[in-house]
Structures are given as C-alpha cells and as structure tokens.
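**Q** Have a look at this one before I ask anything.
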Amino acid sequence: MTYVRASDVVVDFPIYGAKSRSLKHTMIRAATGGALAKDAADRVVVRALDKVSFDWREGDRVGLVGHNGSGKTTLLRAIAGIYEPSEGRLESRGRIASMLSVSVGMEQEATGYENIYLRGTIMGLTRREIAAKVEEISAFSELGDYLDMPIRTYSSGMSMRLAFAISTSVDADILLMDEWLSVGDAAFAQKAQARLTELVGRAKILVLASHNLDLVQSNCSKIIYLEHGRVVRES
C-alpha cells in the first residue's frame with residue numbers, strides 16, 4: 001500500500017551568525033515566509049514547516065496552496081528526502097518521482113547519453129533500468145545525434161527537452177510537482193503535456209504545489225492551505 005504520512009513535522013533552517021537576543025520575541029512572523037524562532041540550542045532559525053501532520057493514501061490527489069514562502073516547496077522537498085525534518089516523523093512507501101527541478105543532476109560537459117545515466121542514477125534507477133529506457137528517452141526528446149554531444153552545446157530548449165524526457169520516463173507511485181511543467185515549442189509542448197497527464201494518471205499519489213487554484217481544483221481531490229509553514233485549512 002502506497003502512502004505518505006507526517007506527524008508534527010518541523011523543518012528549521014538555522015540562521016548562522018544571528019543572535020537570539022536580537023529578537024524581541026521568541027516567535028516573529030514575517031509578512032511572507034516561515035516564522036523566526038529559537039531552537040533547543042538557542043539558535044535563531046527560520047521555521048519553514050511547523051507541526052505539519054497528514055496521512056495520504058493511494059488514490060489521493062493533493063494540492064498545496066499558499067503564498068510564496070508558505071512552505072509548499074519545503075514540504076515537497078521533505079517528502080522527496082532532500083530536507084530532513086528537524087522534529088516529528090515523515091515516512092512514505094512507494095517510488096517517488098520529483099518534478100521539483102527536472103534539470104537537477106545534469107552535467108554540462110557530459111553528453112546527452114551520459115546525462116541520461118547521471119540523472120537516472122539520481123532518480124534511483126539501476127544502470128540496467130536506465131539502459132532499458134535510453135531508446136525511449138532518445139526518441140521522445142527528438143534530439144537525435146545531439147545526444148552524442150556535450151549538453152553545453154544545447155540551447156536551453158534542447159536541454160529542457162532532454163531533462164523532461166528523462167524525468168518523465170519513470171512510473172512513480174508518488175509524484176511530486178512544484179507547478180505544472182510546460183516545455184519547449186508548441187509542437188513539443190503538446191506532446192509533453194500529454195505525457196505528463198499520463199504520468200499523473202498512473203501515479204498512486206499526486207502532490208501538486210501551485211499558485212493556480214483553478215489548476216489545483218481541477219487536478220486534486222484534497223487541497224491543503226499553508227501559511228507560514230502551518231496547515232491552516234483543508235478541503
């Protein structure tokens with residue numbers, strides 16, 4: 001059974017060099033972003049997530065909504081394993097695919113083919129699993145002989161095509177998205193959107209963070225509203 005569970009999850013980012021005595025109060029909330037606080041070691045921290053709890057199961061389509069700095073991306077990164085909770089417990093079962101930054105792990109001096117293996121490894125695939133996907137990734141990217149060249153020779157659009165083709169080649173149990181992706185020229189973008197829609201449809205759990213409430217409402221069965229790192233409302 002695929003799931004993502006959180007129990008009172010806190011993510012703090014220490015502000016090194018800041019003095020706790022410079023804070024007039026123990027907790028200060030900025031207009032945007034997380035709360036300024038002091039941790040157990042009396043260090044000044046930004047509390048990006050503050051006691052977040054949920055239990056998502058197979059079939060859930062979860063939308064994360066909130067202003068810039070509300071904690072949406074931090075929560076996605078915590079689920080992806082990029083950030084470790086400072087407090088609380090976060091656990092999941094199932095293969096996670098992250099669409100937070102599709103170009104992460106791309107090496108400019110490496111060829112397109114080499115980058116398929118580099119990015120695939122970061123995504124948790126074995127070399128054999130990657131090898132089985134190379135032909136399909138190559139065909140979808142439409143880059144042809146350019147895959148034998150370093151990606152520093154690519155245009156930004158070509159690099160994004162390759163990154164998108166690699167990132168969407170994995171069927172995920174849990175799909176994490178920070179905004180809906182749009183890639184390339186009109187013809188490729190249409191193909192990319194069809195592929196992304198299929199990927200979302202096959203995922204057992206979708207977590208989509210977006211500023212576009214209409215997009216979230218049309219794709220999600222649950223909506224979590226975040227403010228200053230806290231869940232303030234669910235629908």
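**Q** From the set of residues in segment 127-157 that are surrounded by 16 or more Cβ atoms within 10 Å (Cβ to Cβ) and among the hydroxyl-bearing types (Ser, Thr, Tyr), which is nearest to the chain's Cα centre (by Cα)? Before you say what the answer is, go through the steps one by one.
**A** Initially, segment 127-157 is screened for residues surrounded by 16 or more Cβ atoms within 10 Å (Cβ to Cβ), giving 130, 133-134, 137-138, 140-141, 143, 146-147, 151, 154.
With the extra rule that they be among the hydroxyl-bearing types (Ser, Thr, Tyr), the set shrinks to 138, 141, 146, 154.
On the way: 138: 24, 141: 22, 146: 28, 154: 25 Å.
Result: 141.
**Q** Right, next: Restricting the search to segment 195-212, which residues are over 18 Å from residue 94 (Cα atoms) and in contact with a helix residue (DSSP H, G or I) (Cβ under 8 Å, 6 or more places away or on another chain)?
**A** 195, 209, 210
**Q** Identify all residues within segment 89-99 that are surrounded by 17 or more Cβ atoms within 10 Å (Cβ to Cβ) and outside any loop (DSSP other than H, G, I, E, B); write none if there are none.
**A** Correct list: 90, 92, 96, 97, 98, 99.
**Q** State which residue pairs qualify: first residue more than 22 Å from residue 113 (Cα to Cα) and inside segment 164-184, second residue hydroxyl-bearing (Ser, Thr, Tyr) in any location, beta carbons under 6 Å apart, and separation of 6 or more residues or different chains.
**A** 173/2; 176/98; 178/73; 179/210
**Q** Also, I was wondering about something else. Between a residue in segment 72-89 that is in contact (Cβ under 8 Å) with a residue 24 or more places away in the chain and any residue that is surrounded by fewer than 17 Cβ atoms within 10 Å (Cβ to Cβ) and polar (S, T, N, Q), which pairs come within a Cβ distance under 7 Å, given they are 6 or more apart or on different chains?
**A** 88/7; 89/7
**Q** Give the residues of segment 164-202 that are of a type outside the set (Ser, Thr, Tyr) and buried (at least 22 other Cβ atoms within 10 Å of the Cβ), sorted by residue number. First the steps, then the outcome.
**A** We begin by selecting, within segment 164-202, every residue of a type outside the set (Ser, Thr, Tyr); these are 164-166, 170-181, 183-196, 198-202.
Answer for segment 164-202, where residues must be of a type outside the set (Ser, Thr, Tyr) and buried (at least 22 other Cβ atoms within 10 Å of the Cβ): 164, 165, 166, 172, 174, 175, 176, 177.
**Q** Among the candidates 10, 4, 102, which residue alone is within 17 Å of the chain's Cα centre (by Cα), modelled with pLDDT of 75 or more, assigned to a strand (DSSP E or B) and not acidic (Asp, Glu)?
**A** Values: 10 fails: within 17 Å of the chain's Cα centre (by Cα); 102 fails: assigned to a strand (DSSP E or B).
Only one candidate qualifies: 4.
**Q** With respect to residue 124, determine if the residue is assigned by TED's automatic domain parsing to the domain that holds residue 188, surrounded by fewer than 20 Cβ atoms within 10 Å (Cβ to Cβ), closer than 22 Å to residue 178 by Cβ and of a type outside the set (A, V, I, L, M). Don't jump to the end; show me each part of the working.
**A** Numbers: assigned by TED's automatic domain parsing to the domain that holds residue 188: yes; surrounded by fewer than 20 Cβ atoms within 10 Å (Cβ to Cβ): yes; closer than 22 Å to residue 178 by Cβ: yes; of a type outside the set (A, V, I, L, M): yes.
Spelling it out, residue 124 is indeed assigned by TED's automatic domain parsing to the domain that holds residue 188, surrounded by fewer than 20 Cβ atoms within 10 Å (Cβ to Cβ), closer than 22 Å to residue 178 by Cβ and of a type outside the set (A, V, I, L, M).
**Q** Here is a further query. In this structure, does residue 76 turn out to be closer than 24 Å to residue 167 by Cα and among the aliphatic types (A, V, I, L, M)? Give the derivation first.
**A** Working: closer than 24 Å to residue 167 by Cα: yes; among the aliphatic types (A, V, I, L, M): yes.
So residue 76 fits the description; yes.
The values are calculated or read from the model by the stated rules, or taken from the named source; none is laboratory data. All figures in this text were calculated on a predicted structure; none of them were measured in a lab. Glycine gets a Cβ as well: all are built from the backbone with ideal geometry, and neighbour counts include every protein chain shown.
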